1. Which of the numbered conditions does VAL28 fail, given that it passes all the others? Conditions: (1) in contact (Cβ under 8 Å) with a residue 40 or more places away in the chain; (2) surrounded by 14 or more Cβ atoms within 10 Å (Cβ to Cβ).
2. Of the residues that sit in the range 10-47 and are more than 19 Å from VAL66 (Cβ to Cβ) and hydrophobic (A, V, I, L, M, F, W, C), which one is modelled with the lowest pLDDT?
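The values are calculated or read from the model by the stated rules, or taken from the named source; none is laboratory data. Bear in mind the structure is a predicted one, so any value in this text is a computation, not a measurement. Neighbour counts run over all protein chains shown; Cβ positions are idealised from the backbone, glycine included.
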Amino acid sequence: MRRSIVWLDNRSRSESEEIGREFDADEVYRTTGQQEILPAWTATRIRWLCKHEPAVINRTHKFLLVEITWSIG
């Protein structure tokens, strides 16, 4: 449907600020275990997609995270 958004992409900075205004920092910490809301969060990127690429959202059934494991040796 589209190319992936890599972890270091900060395009959803304004969305992370919006979430920060909507939710108390203590509530965010209790819910997520994260001390701050960052553009690297999946939720901020989904919110960005809703605003900027609604056609992608309309065709999406699930959002998945990629797990990378490293092996040395």
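1. (1)
2. So the residue we want is ALA25.
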